[in-house]
Amino acid sequence: MFAGLLAAPMAREIRLQAVEHRQTEDSRLARLQSYLEVNDCPLNKLAADFIEAADREDLDWRLLPSIAMIESSGGKFYTNNNVFGWDSCRERFPSVKAGIHIVADRLANWTIYKDKDLDTVLRTYNPERRDYPRKVKAVMEMIGSTEVAAANQIN
């Protein structure tokens, strides 16, 4: 009987942790969808894939959509299913969704990116534009902020 009394609070705690985890994940998804919707981005329908890929590769959940915003205006202008401008848009992905997962894997696991700080990753990703890290991080802040309407201020 004593074991049963201990098990009930533990089971309740586990359920609460699961709910908190889902709420955190739901909050990220809602924020990303809201940001993409406010900016009329076709990638809105793939918001969950951005978060799933980031979680799988242990990346900041805002990084991939922010790069896509800078490189393709959130999926408005791209070729070869490549919304990230990967390899100057020469890389052809089987689908935009596949590209999200492939680029996430590369940013997390390729030696030139792996275990680097965000500024180094972004300077490596696009060494031609000195302001690239600043622009991507500004989008990341907008996605992560409560004021998604401010997104229209980045050119």
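What is the set of long-range amide H partners of Asn82 at a cut-off below 5 Å, with H atoms built 1.01 Å from backbone N?
Excluding prolines and chain starts, which carry no amide H, the hits are Phe93.
Between Asp115 and Ser27, with labels modelled 7 Å along Cα→Cβ, what's the label distance in nm to one decimal, could you check?
3.2
Heavy atoms only, probe 1.4 Å: what % of the accessible area of the stretch 35-106 goes to carbon and sulfur, would you let me know?
Here carbon and sulfur together make up 45 percent of the probe-accessible area.
If the only charges are +1 at each Lys and Arg Cβ and -1 at each Asp and Glu Cβ, what is the size of the charge dipole of the stretch 43-144 around the Cα centre, to the nearest 20 debye?
Here the size comes out at about 360 debye.
To make sure I understand the rule: partners must be lysines, Cα under 17 Å from the Cα of Lys137, and not fewer than 8 residues away in the same chain. Which ones qualify?
Once the sequence-local lysines are set aside, what remains near Lys137 is Lys116.
Given the peptides 61-71, 43-53, 128-138, arrange them by the average over their residues of other C-beta atoms within 10 Å, most packed first.
For the peptides 61-71, 43-53, 128-138, the packing ranking is 61-71, 43-53, 128-138.
The values are calculated or read from the model by the stated rules, or taken from the named source; none is laboratory data. Here the structure is a predicted model, which is why all the values come from computation and not from measurement. Virtual Cβ from ideal backbone geometry, glycine too; neighbours counted across all protein chains shown. Each accessible area value is taken on the protein alone, full model and side chains, heavy atoms only, with ligands, DNA and RNA left out. Shrake-Rupley method; radii C 1.70, N 1.55, O 1.52, S 1.80 Å.
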